[in-house]
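Encoded as structure tokens, the structure appears first; notes follow it.
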Amino acid sequence: MVKGKLILICQSGGEFVSDADGTLSYNRGEANAVNINQDTPFDHLKIKLAEMCNLELKTVSIKYFLPGNRKTLINLRSERDFKRMVEFHANSVTAEIFVSGKEGFDHEALNTYTDSSRTIGLKLAENVNHHGTPATAADSGGLSITPSKAMPLRTVHTDAASPIAIQSDCLVDVHISCQEPAINATADSSSQATTSSNPFSGHVAEDDSDYAPRSRAAVGTTAQSPISFDYDSTPADTVKKRRRTASWTIGANGPTIVVTGNDSKEKISRKKKSRSSTGVMDSNDTVEDEDYVQLPDDSDSSSAVALRDEDLPEKLVATWKEGITGVGQDFKSVKEFRAALQKYAVANRFVYKLKKNDASRVSGRCTVEGCSWRIHASRVPAAQTFRIRKFNYLHTCGGESWKSGHRTRNWLVSIIKERLRDSPNDKPREIAKGILRDFGIKLRYRQVRRGMEDAKEQLQGSYRKSYNRLPWFCEKVVNTNPGTVAKLMINDEKILQRFFFSLHASIHGFKHGCRPLIFLEATSLRSRYKETLLTATAVDADDGFFPVAFAVIDIENDDSWRWFLQQLKSALSTLQSITFISDREKNLKNSVLEVFENACHGYSIFHLLESFKRNLKGPFSGDGRNVLPEIFLSVAHAVRLGGFKNSTEKIKQISSHAYDWVIQIEPECWTSLLFKGQHYNYVTEDVAEPYSKLIEDSRGSTIMQKIEALICMLGDLIDHRKLESSNWSTKLTPSKERKIQEEAVKADGLKVLFSSNVLFEVHDEMTHVVNIENRECTCLEWKQSGLPCCHAVAVFKSTGKCVYDYCSSYFTVESYCSTYSVSVNPIPGIGAPVEEDGESDTADVLPPCPSESQIEEKPEETKTVDPDKRTVSCSRCKEPGHNKASCKATL
């Protein structure tokens, strides 16, 4: 994008055709060029394109290609999408967009946005016709385009009757204050603005054209104030002016909006109110006492402008404005009337209070004394409706009530609920910014977060009541997925303690395709009830993680982990020795060996490495602390005692504190040298990360919806990997096949001597003995990894044996396919919202409620030093905390 500008080639009226290689081309139609910059609002661009292409505004669809990709079209639906497109084309001069929609532009929409168009920073360039025919006003949807390459025209908006023609090197915004509404430029008038055009241009403006964008002055009544040109304004200034807060004022011609600045804001404390003769709402509807909102402090201004639809959420507010129509309007109940009245007040920017408010009648008036706005509605027994009896819609308060009005909690929840329907993944800060932009109300993060909880509960159902569906789930999942194990455990008060489930697809995949290796992890479910998700995860033939079992528990401790392991043992029902890996700090070794008698237990390398980094303390010497993590891994992977000692000695030379930390960890639980179970310490990734990310994405969902997300994750994983493996043609999985090929390269040039049919000597820098019958080599790599080392591969090349016959069966494509051979059957209705009806006041299952004593049982996290923070140490005395210049030690 050169100098902050980008030329959009806007194509319309054609169709996409797919080529043989899958690329898309756009045939026929016409194209126009539009200049934009980084400050161009998306809504304004959309209106301009709708007018230019003669399309109905609401049906306009805009798409574009990513640079270098002509196979996938990207939709432009919002301001964020538009900014992202501009960023994608930051290094380009032009960008193609494709516009489609229903034919017929509504000029009423153009009149609505007349005032806003002067700050667009948008300019039409010369029409381009694919067929070579000169574009006319008819071709461009009634647009008359007169480009001037020498001197571009300024856009001038005026109410003066005299014609205006201005030429300059830049676009200039003209801001006008008038008392009378502007007349449409299409109105008959003897005076029209003149335009300058390039004499060499092949496109000449028609004299009878009703609109020429950015080249013809708007014609209206005589202006009551002089025209002022802001020559020094910048795009940023333009945006600030457009974003000024609008508030209501009442004049001779009815309600208008007065534009005021946002610099001065007023903090209004929240006070509890009850429904009485002087109250607006009851205490349950108000936001908490400690919370407050900031409303704009409107100062006097003589600048009045027309209301623009983009100032408020168009569809939502338009509906609210029609909620109260007048005398005789009926509602189903008093509750429906109150809700409609509240939304009507917000949409029209005023605050009322109810003088009478009960089940049979409601009377309200504006909160400003002396204002004429009144409404009264009462119940109609014969029709079983609630009807408006009296209604005076005129305000004489000048919008004063809106400046100091309180917003109810129910109103906030209704606003958030509408936004979450459109964008369910919006964060509290994004919603707060939207409410500030649309309504001029500044809310605290805590207010919005609580509102989001209530809104999500209304949309998705009650989190608390969703626990009632756990017994249903246990029965349903077994029926839909036979072979599944599910168990629910509650106490005498029906409070959930533990809930376990392992799908048949997971059990079958682990027993028939995975190595006997399971990682144990715990993840918070991120809800107010502080549940914890326990997971058991295996590793497939291609070193991918494979979920085996899940459990939701009230609190994580030794008893809950032991219960989880017991349920896992019952589900797997295998006599095979299994290697379990867990975080050392959880102290699960005793629980594992107690439940699985012949199992092995090791410490997670990921958690050990993270703990090692956190506990690094100076002073450091030699290569410094940056190389310590790498040396730590070499300690874990050392297969000989000499290599182990060499690596630990390197750590000692750099930091004695780090050396002491490493030595105090039992080496038989994490080093290749002494660990007796399945080889695992090459896995340095966080096994719990996929679950943590899933829970974070579904934060705010009910417990059943989170369980559904876990099941969907497993089902999608199985389907994806099953499809992916169907195209594999090798004996081993891709990662293991690459490993064998690397060993084959190393085997070239090695000398092999035959000792017997099973024993061979292989000469490298050292002499190694290979026993193909026991699948061993004195380098120890074959036994550790399960794949032949380079020495064994050299033997197979010399003897003509097939290397794949000596690879572990756990690494074959056949085992991989067996792991993902059983799919997850869908469970109808698992994530459906809990209906808020009066099914039953008695609960089958209640959510956990950990007591204070239970929370205190959790070990407090010790404050650790930031591993990236450099520790100062003295090069003279080697002590930390000071440098050589301030050293006071006597040597």
Any trypsin sites (Lys or Arg not before Pro) in the stretch 514-600 that lie in a DSSP loop and have at most 13 other Cβ atoms within 10 Å would be ARG528
What is the calculated FRET efficiency for LYS332 to VAL478, with r their C-beta to C-beta distance and R₀ = 35 Å, to the nearest 0.05?
0.20
Quick calc, SER755 & SER809: beta-carbon distance into FRET formula, R0 41 Å, rounding 0.05, result 0.90
Ignoring ligands, DNA and RNA, please state the percent of accessible area on the stretch 1-111 from carbon and sulfur, probe 1.4 Å.
47 percent
Probe 1.4 Å - accessible area at SER656, Å² to nearest ten
80 Å²
Full extension from HIS720 to LYS569: what is 0.36 nm times the residue separation minus their Cα-Cα distance, to one decimal in nm?
51.6 nm
Considering the options GLN784, HIS763, VAL752, tell which one lies farthest towards the positive end of the dipole of the stretch 732-806, charges being +1 on Lys and Arg and -1 on Asp and Glu at the Cβ, about the Cα centre.
GLN784
Using a/c under 1.5 as the rounded threshold, could you call the stretch 5-112 rounded, prolate or oblate? The axes a ≥ b ≥ c are square roots of the C-alpha gyration tensor eigenvalues, and prolate needs a/b larger than b/c, oblate otherwise.
oblate
Can you tell me the length gained on complete extension of the stretch ARG421 to ILE665, counting 0.36 nm per residue apart and subtracting the Cα distance?
82.7 nm
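Rounded, prolate or oblate: which fits the stretch 485-721 when a ≥ b ≥ c are the square roots of the eigenvalues of the alpha-carbon gyration tensor, with rounded for a/c under 1.5 and prolate only if a/b beats b/c?
On the way: a/c = 2.01, a/b = 1.71, b/c = 1.17.
Taking the square roots of the gyration eigenvalues as a ≥ b ≥ c, the stretch 485-721 is prolate.
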Work out the count of Lys pairs in the stretch 666-825 where the Cα-Cα distance is under 24 Å, with the pair 8 or more places apart or on different chains.
29
Which shape class applies to the stretch 320-458: rounded if a/c is under 1.5, otherwise prolate when a/b exceeds b/c and oblate if not, where a ≥ b ≥ c are the square roots of the Cα gyration tensor eigenvalues?
oblate
Sort 609-620, 753-764 by the packing proxy (mean of other Cβ within 10 Å over each peptide's residues), most packed first.
609-620, 753-764
Before anything else, pin down the relative contact order of the stretch 732-806: Cα pairs under 8 Å, at least 6 apart, normalised by residue count, whole percent.
28 percent
Between ARG775 and GLU610, what is 0.36 nm times their sequence separation minus the Cα-Cα distance? Round to one decimal in nm.
55.9 nm
Please sort 367-376, 669-678 by packing, taking for each peptide the average over its residues of neighbouring beta carbons within 10 angstrom, highest first.
669-678, 367-376
Under 17 Å from the GLU630 label point (7 Å along Cα→beta-carbon), backbone N, the stretch 593-613
613
Along the charge dipole of the stretch 467-583, pointing to its positive end and built from +1/-1 on Cβ of Lys, Arg, Asp and Glu, which listed residue (THR480, PHE519, THR574) has its Cα farthest out?
THR480
Between ILE581 and residues 5 or more places away or on another chain, the pairs with built amide H atoms under 5 Å apart involve ILE518, PHE519, LEU520, GLY602
Run the accessible area of the stretch 485-721 with a 1.4 Å probe and give the carbon-and-sulfur part as a rounded percent.
47 percent
Solvent-accessible area per residue for the stretch 320-458 (1.4 angstrom probe, square angstrom)
48 Å²
One would report the Cα pair-distance distribution of the stretch 732-806, bin width 5 Å, in %, as 3, 18, 32, 28, 14, 4, 1
Counting Lys and Arg as +1 and Asp and Glu as -1, each charge on the Cβ, what is the dipole of the stretch 358-401 about the Cα centre in debye, to the nearest 20?
300 debye
Extend 7 Å from the Cα of LYS390 along its Cα-to-C-beta direction; within the stretch 327-367, residues with backbone N under 18 Å of that point are 327-329, 352-358, 360-367
Could you tell me the calculated FRET efficiency between THR59 and GLN741, based on Cβ-Cβ distance and R0 = 51 angstrom, to the nearest 0.05?
0.35
By the mean-Cβ-within-10 Å protection proxy, highest first, 71-78, 492-499, 52-59 rank as 52-59, 492-499, 71-78
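The values are calculated or read from the model by the stated rules, or taken from the named source; none is laboratory data. Model, not experiment: these values are computed from the prediction. Virtual Cβ from ideal backbone geometry, glycine too; neighbours counted across all protein chains shown. Heads up: the accessible areas ignore ligands, DNA and RNA and are worked out on the full protein's heavy atoms, side chains in. Shrake-Rupley method; radii C 1.70, N 1.55, O 1.52, S 1.80 Å.
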